[in-house]
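Report on the following structure.
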Amino acid sequence: MTPGRKLLVLALVLVGVTAWFAWQGASGSWQYYLTVDEFMAQGDSLRNVRVRLGGKVAEGTLQISADRRRAAFDLAGTGHRLAVRYAGILPDNLAEGRDVVVEGRQEGEGPFQADRLLTRCASKYEPAASTPTAVGPGEEGG
Amino acid sequence: MIALGQASLLAALVCFGYATFAVVAGGCCRHAGLRRTGLWAWAAGIAALSCVLGVLAWALVAKDFRFAYVAQYCNRLLAWYYALAALWVGQAGSLLVWAWMVAVVAGSFRLAHRRAKEPVLAVVCGVLLAVVTFLTAVMVFGADPVAPSLVPPADGAGLGPVLQHPAMLAHPPAVFFGYALWTIPFALACAAAITGQLDSGWLAGARPWALAAWTVQGIGILIGAEWAYEELGWGGYWAWDPVENGSLLPWLTGTAMIHTALAWRCRGVLKKTTLLLAVATFGLCNFAAFLTRSGIFGSVHEFSRSTIAWMFLVLLGMLALAGPLLVAYRREELRPEHGLGGLASRESLVAISAAALVLLAGIVAVGTLAGPIGRAVAGRAITLGPEFYNTAAAPLALVLFGAMAMVPLARWGGPPQPDQSRRLKVLAALGAASAVLAWVLGVRHAWGVGVAGLAVLALGAMGLAIASDFRSVLSAGRWRAAARLFSARRRQYASHLMHLGFISLLVGIAGSSLGSKSIDITLARGQTFHWSGYAIRLSDVQQEVLPDKHVVQTRLEVQPARGAPFELVPAQHFHFSTREWTAEVAVRSAWWGDLYAVAHGGSGDQHADLTLIVNPLMRFLWASGLLVALGAAAALWPRRRRGVHRPARPKAGTRPEQPPGKPHGLRPHRPELYQGAAGSPAGPQDPGVAPGHRAAATRRHRGFRRG
């Protein structure tokens, strides 16, 4: 076997191994990532399934426990709202009107039980409000 | 001012558009007059774009809210330097900064190579100018940085408190500057492929730019990681979020490209890979720079509504088509000059590293685009968690590490020489022993054990290569000769430094990700808590009201198991303007690890809610940036020129003695440089060659390469 062919075999093995590991990692960590509206529209099919939801903390609904370990609020999309209960350490900049991402599941008809809560610009930039063309109506000032 | 900005922006577009045409047409038809007008237009375009940048910068510092951009990202309370930093917070401003950087970098490239030979130079400049024109056009048609406010507000929306950090002044411009610098290797690769002048001349021209781009971008990414580490308060530095991933993609392919370019230069192999990687790196820079600020990751739905998105998509599509087509068209010229010299030859190691890097980039890309991919395949967007990246990337990182570890004792064109091969075997045994030792000491993760073993192999190989290099001169006690050897092989030692940085990086990543521990506690005032070898006592909680914020400082007295006690003061700030809390973390750093403390909101005077995190070996991660910067500086430091090699400036086109066969002429062909060509895949290993024998080595090398 020439070195070139050996290398090719090695590369194929590398691709295969990587694909296998990627599959392992993905099957353990993937989640649906939906907006509140999509989640509500899917109805019962996503009950008890762990999902990640993006939305806005609705004005006037945010309640924070005294020890800042629990929070309750309505997660608002453009047309729907979903009651969310969160347990865990709160992000410091959690506030009404802010875009947030929650992870957890809805069991039965109860509120959405979240165990992870990220404020949207936990990354470095405000992704909303970038340019007039990229911002949809009603999304200004996020 | 708005009118001036708008007019300048339009003028810049017209100038760059004309310059593209005139420089290419003038260069190809050898019409000096036309070409000269093109160059003037180019200069005028840079001036106009600088004027736009100046206008926007002035508006930001002067808080002129008649500019929509200023109203969106600035407010009256903002300090002038953060107001200036708002230039690269929004999409339009980032585009402006980026376009300006590309224009200036392209201009300085043209200045540095003003005597280089036409048609190649014309094509290079044409590609560069086309890129600048494209970016300017995007601003004119998609994201106007100097657009007026419809109704100028009394005060602007301001900059988020997280962004008001010194790193904001360094991280984004460094990353954007890296993107801008990658344009040059791309343009050179395109020109080489278009004109068919595919000798290694273009690589010599591209090398310093690629290395500079790689370094600046890498340091920029690391600054961003450091910023996330101390600002976001979750104890990590890399969250695999799309913005971070975007900047990592071109850096990974760029790393691969720098190494395959060495294989091309030293051995005449991996040519197609190098060209494709140059194109891919540039494409990914565009992808990253655009997507970072577009908000498209925030919601995929915005994509179809965005003009800019489509413009960049068309550009990426064109690159994805043009790259492979060019390579296919030139497949005859790009045929490898040699076969691969065995699996343990340098070129094979480079190929393996490149494959691992490209696969890593693929993993990152799949994870980043999981949302759109899921939507296309399953109809629902999905996300992949950090576990996906970590599981998939760890084996690739180990493969990469293994290939890099062997490089100093390998050679181009064949398996390692018998004595080197023996050394490698000994080192491999040592590496295995240290892996076992790591296991015994309590490292229980395959990836940590692997890093421990490979680190010993890599350090040993590097040490032995350097030792055998210096042995002959040092035994005679000739330090001066040793210094001369170092300067003659400067690039090789620079590559050792950068590879040391890589080892340090992997050690830091492995230590901090595998050994990290964290705990959430509530401490009452005066209470002592024992955890992870530290005795932590809450001594005080202090409240302070400043003009712009309310500060709560949590004073912790920490007594480590060994060593002197110290104080950690994590704080919380409540910003009156934005009405939000930010956490100011406190970190005590040492080589064996960091103690990281975060205080949470809601604490009273008598107790504090804290998260404590221990991150082992974090310092090695930051040290890697320093090592890489040192290595890059050593590699890029202008070479002292003496004797016959003096005219290293690109006068090639005018020098009659320029040997035929190097018609590219962007940089004279200097084979002696190949000896230690950067990225330790150096020239033929010739341990102990004394400076006086360099000429002989050079001749041999040349014959080796050509023959």
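Please treat every number below as a calculation from the coordinates, not as lab data. Because the structure is predicted, anything quoted here is derived from the model rather than measured. Cβ sites come from the backbone with ideal geometry, for glycine too, and all protein chains shown count toward neighbours.
Exposure proxy ranking for B:Trp42, A:Trp30, B:Trp531, B:Trp439, based on other Cβ atoms within 10 angstrom of each Cβ and starting from the fewest, stands as B:Trp531, B:Trp439, A:Trp30, B:Trp42. Residues of the stretch B:343-374 falling in the label zone of A:Arg5, defined by backbone nitrogen less than 16 Å from a point 7 Å along Cα to beta-carbon, are B:343. Along the charge dipole of the stretch B:57-206, pointing to its positive end and built from +1/-1 on Cβ of Lys, Arg, Asp and Glu, which listed residue (B:Ala103, B:Gln72, B:Cys190) has its Cα farthest out? Final value for the positive-end residue is B:Ala103. Amide H contacts under 5 Å for B:Ala157: B:Gln72, B:Tyr73, B:Cys74, restricted to partners 5 or more places along the chain or on a different chain, H placed in the peptide plane at 1.01 Å from N.
Using θ = phi - 60° in the Karplus curve 6.51 cos²θ - 1.76 cosθ + 1.60, the 3J(HN,Hα) couplings for the stretch B:100-109 round to 5, 4, 4, 4, 5, 4, 4, x, 6, 4 Hz; x is entered for Gly and Pro.
What is the dipole size for chain B, taken about its Cα centre, with +1 at each Lys and Arg Cβ and -1 at each Asp and Glu Cβ, in debye to the nearest 20? Working shown, then result.
Working: 61 positive and 32 negative charges, 871 e Å.
Value, rounded to 20: 4180 debye.
Think of the protein assembly as shown as a dipole: +1 on every Lys or Arg Cβ, -1 on every Asp or Glu Cβ, centred on the Cα centre; then among B:Ala355, B:Leu506, B:Val569, B:Ala355 lies furthest on the positive end. Residues whose amide H comes within less than 5 Å of that of A:Ala114, counting only those at least five positions distant or on another chain, are A:Arg85, A:Tyr86, A:Ala87 (H built at 1.01 Å from N in the peptide plane). Derived scalar couplings between HN and Hα for the stretch B:485-500 equal 4, 4, 6, 5, 9, 3, 5, 5, 5, 4, 5, 4, 4, 5, 5, 4 Hz in order, rounded to whole Hz, by the Karplus curve 6.51 cos²θ - 1.76 cosθ + 1.60 (θ = phi - 60°), x for Gly and Pro. Along the axis of the charge dipole computed for the protein assembly as shown (Cβ charges of +1 for Lys and Arg, -1 for Asp and Glu, origin at the Cα centre), the listed residues B:Val279, A:Val57, B:Ala48 are led at the positive end by B:Val279. Measuring r between the beta carbons of B:Ala432 and B:Cys28 and using R0 = 41 Å, the FRET efficiency lands at 0.10. Taken about its Cα centre, the stretch A:1-86 carries a charge dipole of about 380 debye when Lys and Arg each add +1 at the Cβ and Asp and Glu each add -1 at the Cβ. A crude spin-label estimate for the pair B:Leu321 and B:Arg66, with each label 7 Å from Cα along the Cβ direction, gives 4.4 nm.
List B:Glu244, B:Glu347, A:Glu38 from most exposed to least, where exposure is judged by having the fewest other Cβ atoms within 10 Å. Can you show the working numbers first?
Working: B:Glu244 21, B:Glu347 31, A:Glu38 18.
Least to most surrounded, the residues fall as A:Glu38, B:Glu244, B:Glu347.
Here the residues B:Trp202, B:Trp447, ranked from fewest to most Cβ neighbours within 10 Å of their Cβ, fall in the order B:Trp447, B:Trp202.
With helices as the sole contributors, the protein assembly as shown gives -18500 deg cm²/dmol at 222 nm; each DSSP H run of n ≥ 4 counts as -39500 (n - 2.57), and the sum is divided by every residue. Between amide H atoms placed 1.01 Å from N, distances below 5 Å from B:Phe67 occur with B:Ser149, all of them 5 or more places distant or on a separate chain.
Our coupling estimate for the stretch B:178-186, obtained by passing each phi through the Karplus curve with A = 6.51, B = -1.76, C = 1.60 and θ = phi - 60°, is x, 4, 5, 5, 5, 4, 5, x, 4 Hz, Gly and Pro reported as x. Computed extension gain for A:Arg70 through A:Met40, at 0.36 nm per residue and net of the alpha carbon distance, reaches 8.4 nm. Report the charge-dipole magnitude of the protein assembly as shown in Debye, nearest 20, computed about the Cα centre from +1 at each Lys and Arg Cβ and -1 at each Asp and Glu Cβ. About 5340 debye.
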